[in-house]
Amino acid sequence: MISPSFQNISELPRPIQPVITEFVDKLSKSLNDNVHSILIYGSAAGINYNHGVSNINIAVIVKTLDFGVLNQSLGLVKWGHQRKIATPLFLTRDYILGAVDVFPVEFSEIKSQHKIIFGEDIFEGLDIPLKDVRLLCEQQIKGKLLHLRQAYLDVGPNPSVLKNLLLAALRDLLPVFRQLIILKGQKPLEQKDKMLEGLAKIFSLDAAPFLAIIHDKNKKILISSSQVEAHLQNFLNQLENLSRQMDSL
């Protein structure tokens, strides 16, 4: 039975509703009045959730966060891991308000795609300055460009390693790409492939390497060993293009 104090459970993907209900119920009973709010964010709060593959991301905002809260939650976090619930973000309201300029992209991602389950929705009205988002986007793009170049020099033309590098790079950059579309005054589409096509159109990029990586991740069209290096080269070219455009954004 869903507690009457819980919200939006029915709006989540049906397969995960029972486990989220149980997790939140256990958490609220464990921490009692210390819980300020609980929310689901990321793919489980949107259309990109892939049951059995995607993790369930939860943020827990507590009134007081000390070591005792973390220690008290160890057993429940382990229980959640067995059910594809990623280690929750434990935060306080003051921490969120004081860290907006430090995590503008991360907080923007939560703000744009979340479902409040219990308590006050702090992220809904959170003011995130666009200048902070733009600066972090630039840092992430230029940093990833530098990292991938160095990684290629380290590992050479090793297809399996290079493919893993590409998969990890795109995973890390997807939130950045979404924020770049927002900075251009447009709304990113929820479907990842459509969002990447939109990014390419807005910034005059070649979407091919991005889409190839997404399709490989989703097991639709796998990148062969002979194709990896060419995709890496094109991926780097598109990041270089974006990097140049960041200065005038």
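Quick look at the numbers
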item: Convex hull volume per residue for segment 25-90, taking Cα atoms only, in Å³; result: 76
item: Solvent-accessible surface (1.4 angstrom probe) belonging to Asp127, in square angstrom, nearest 10; result: 120
item: Under 5 Å, built H, 5+ apart or other chain: amide partners of Phe90; result: Val60
item: The chain - accessible surface per residue (Å², probe 1.4 Å); result: 52
item: Relative contact order of the chain, defined on C-alpha pairs under 8 angstrom at six or more residues apart (%); result: 17
item: Phi-based couplings in Hz for segment 194-205 (Karplus 6.51, -1.76, 1.60; Gly and Pro marked x); result: 5, 4, 5, 5, x, 4, 4, 5, 5, 9, 6, 10
item: Tensor-based shape of segment 70-111 (alpha-carbon gyration tensor, a/c under 1.5 rounded, otherwise prolate or oblate); result: oblate
item: Residues of type lysines that Lys63 reaches as a straight line, Cα spacing below 17 Å, ignoring anything fewer than 8 places off in the same chain; result: Lys29
item: For the chain, built as a Gaussian network whose Cα springs stay under 10 Å, the top-fluctuating residue of Gly42, Gly198, Gly52; result: Gly52
item: Karplus-derived HN-Hα couplings along segment 130-138 (A = 6.51, B = -1.76, C = 1.60, θ = phi - 60°), whole Hz, x at Gly and Pro; result: 5, 5, 6, 5, 4, 4, 5, 4, 4
item: Local net charge near Asp206, Cβ-Cβ under 15 Å (Lys/Arg +1, Asp/Glu -1); result: -1
item: Value at 222 nm in deg cm²/dmol, rounded to 500, when DSSP H runs of n ≥ 4 in the chain each add -39,500 (n - 2.57); result: -17500 deg cm²/dmol
item: Shape category assigned to segment 140-249 from the gyration tensor of Cα positions, a/c cut at 1.5; result: oblate
item: Solution diffusion estimate, µm²/s, Stokes-Einstein, the chain, Kirkwood Rh from C-alpha pairs, 20 °C, viscosity 1.002 mPa s; result: 109
item: In sequence order, calculated HN-Hα J values of segment 46-52 (Karplus, 6.51, -1.76, 1.60; Hz; x Gly/Pro); result: x, 9, 8, 5, 10, 4, x
item: Kirkwood Rh, angstrom, segment 48-155 [1 / mean 1/r, Cα pairs]; result: 16.4
item: Cross-link pairs Lys84/Lys111; Lys26/Lys111; Lys26/Lys144 - those with Cα-Cα distance over 32 Å; result: Lys26/Lys144
item: Straight-distance crosslink candidates among aspartates and glutamates, where the alpha carbon sits under 13 Å from Lys115 and sequence neighbours closer than 8 are dropped; result: Glu11, Glu124
item: Accessible surface of the chain, 1.4 Å probe, proportion on carbon and sulfur as whole %; result: 51
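The values are calculated or read from the model by the stated rules, or taken from the named source; none is laboratory data. Please read these numbers as outputs of a predicted model, since none were measured by experiment. Glycine also receives a Cβ, built like all others from the backbone with ideal geometry; neighbour counts cover every protein chain displayed. Heavy atoms of the whole protein, side chains included, go into the accessibility calculation; ligands, DNA and RNA do not. Shrake-Rupley method; radii C 1.70, N 1.55, O 1.52, S 1.80 Å.
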